[in-house]
């Protein structure tokens, strides 16, 4: 566990200065040394000290900075100028933006997979992810039924209260899972939870976007709140693929 934390710490310190290929080569060399000699820190010293040695006379890697600034600018443009798109299109764009921002900022795929660190968390990870998929399905069922429900209920206050309860429940559950995943990801260095972090942020974003449009449930344009079924599918696929990428190498080591 200390080795994987060391690798992550070093990677984060090098990101603004070195190209991904250089960082990957350094981390792979460190991983090889740790497999032969044990504790990385005893070989290279503290990650901060080792990073300073590597970065001596190095300049900023503007490619990294510009890449992430561009992604953030695109996300702002989507939020400001594309907010009136049909929601299935908006939500699919949002999935791509969150995924690219996460991968662009962290570049965790550069960190070699540590088998003991990743493979001991399978059960908890899959329980959480199954729950997130169920939440996404229920969210879509709720939105598909919203118009008929709203038309059937005479007291619109009751309809609004039901919408608030369900929506804030989804936000609350997503926030709790987000906090748990952040702890696993940052404190315990379990990088595979990065995908679920992206998923929870997306769900929270989509529910707030749902709030923006729920007031038009009875308008004649027939758009009301749309649906997010494709976005839920795509983000779930992203989480599973990311999990596989973070664990596949470890499985090979154990065989």
Practice problem: Would you mind ranking 78, 200 so that the residue whose beta carbon has the fewest other beta carbons within 10 Å leads the list? | Solution: 78, 200
Quiz item: So, how do all the Cα-to-Cα distances of the range 1-95 break down into 10 Å bins, in percent, from 0 on up?
Solution: 14, 34, 20, 18, 12, 2
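Just rank 5, 190, fewest to most, by other beta-carbon atoms within 10 angstrom.
Lowest to highest Cβ neighbour count: 5, 190.
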Quiz prompt | Order of 10, 192, 176 - criterion: other Cβ atoms within 10 Å of each residue's Cβ, fewest first | solution = 176, 10, 192
Quiz item: Rounded to the nearest 0.05, what FRET efficiency do residue 79 and residue 37 have when you use their Cβ-Cβ distance and R0 = 41 Å?
Solution: 0.25
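Read-outs: derived from the displayed coordinates by stated rules, not from any lab. Model, not experiment: these values are computed from the prediction. Here Cβ is always computed from backbone atoms with ideal geometry, including for glycine, and neighbour counts include all displayed protein chains.
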